[in-house]
Amino acid sequence: MFEAKNFNRPRRDDAKLERRAWVALTIAALLSSCAQSDAVSPPSQVSPAPPAIGSVEVAPDVQWTQGSYVASARVNTDDKLLSVHWRSNGGAATTQDVALAYYPTAVTALSEGKIAVAGKGDLGSTVVEVFALQEPTLMAVDSNGGIVLAGYGVTSIKLALRESVVGRDIVMRMCTHPADDSVVILQFWDSRDIYTLDLRDNRLTLTASPTSGSPAIHIPELSGYFSGMWASLHATHGSVLVLPPLQPDGLAVVLLDASSDGVFDSGSALDGDQWVSLGYADPDNYVQ
């Protein structure tokens, strides 16, 4: 019988690494036809309407280290909010909520002090913005003897993408290229195509597609269901992009940038046995 494998990013553990089934991320509806769920329904003006496939995972939080702080960010699609949380080494913490002019659907950390946020505007445009963040620079003691953080916030916002194009309707997943933090990787809802967006010149490049005849890497399995998307540097494969299957006995889609030059060269769909035999399940093979 096929043994379910964990296609999530392998982590080092002092205990024996278990082969366990992937636990799907919390699923939340994104379409207006699924408005009964906790996720936002994009405005009725959005065109083209995404196919009624059901739902996508809630955008996961991202975390990074900045100065002497551990920072994390999450998006609240319903309330059009970006929340940035700061925690000092001493345990003092604070959260800043930033109002957005669009419905955010994904967030990823870039170089230190920068994050990218993707979303959908009220008039249907797909948006990606880059936020520069200042970590707290002041600490004070409040009347209750607690530590208060201050001097933090958004220092600049740069627009990287705003368009309304068939095939690039909603950014359903986004992560940062592991070898180049000026490049973000996007998957769009309506086409399931994967693009890279170079934030230096805002150049958008089609990378992989489930559509036959596309000028990109052709992977038919991209049209299926996945539980998320992550990227990392691998000791033998170079930069890898992984879309883990929603079901533990499904196929994971893997894209390879063998030279880590920011351009993915090949891709394939792997079952659990291939995932293990090719070295993807071993945490010691990951450089970061």
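Every read-out reported here was derived from the displayed coordinates using simple, explicitly stated rules and does not represent laboratory data. Here the structure is a predicted model, which means the values were calculated and not measured. Every residue, glycine as well, gets a Cβ built from its backbone with ideal geometry; the counts of neighbours run over all protein chains shown.
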Notebook entry, point to check: Tally time: how many residues in the stretch 162-193 are of a type outside the set (G, A, S), free of Cβ contacts under 8 Å to residues at least 60 places away in the same chain and not in a strand (DSSP E or B)?
Noted result: 4
Item checked: Residues located in the stretch 118-134, provided they are aliphatic (A, V, I, L, M), outside any strand (DSSP E or B) and free of Cβ contacts under 8 Å to residues at least 60 places away in the same chain -> none
Notebook entry, point to check: Mind checking which residues of the stretch 194-204 are in contact (Cβ under 8 Å) with a residue 12 or more places away in the chain and assigned to a strand (DSSP E or B)?
Noted result: I194, Y195, T196, L197, D198, L204
Note to self: Being over 19 Å from A140 (Cα atoms) and crowded, with 18+ Cβ neighbours inside 10 Å is the filter here; which residues of the stretch 75-97 pass it?
What the structure shows: V75, T77, L82, V84
Item checked: First in the stretch 245-258 and on the phi > 0 side of the Ramachandran plot and surrounded by 20 or more Cβ atoms within 10 Å (Cβ to Cβ), second anywhere and in a strand (DSSP E or B) and not hydrophobic (A, V, I, L, M, F, W, C), Cβ under 8 Å, 6 or more apart -> none
Next item on the list: Scan the stretch 178-210 residue by residue and report those that are among the polar types (S, T, N, Q), farther than 19 Å from V240 by Cβ and surrounded by fewer than 16 Cβ atoms within 10 Å (Cβ to Cβ).
Entry: N202
Notebook entry, point to check: Of everything in the stretch 138-161 that's assigned to a loop (DSSP other than H, G, I, E, B) and touching a Leu at 6+ places or on another chain (Cβ under 9 Å), which residue is farthest from T196 (Cα to Cα)?
Noted result: G151
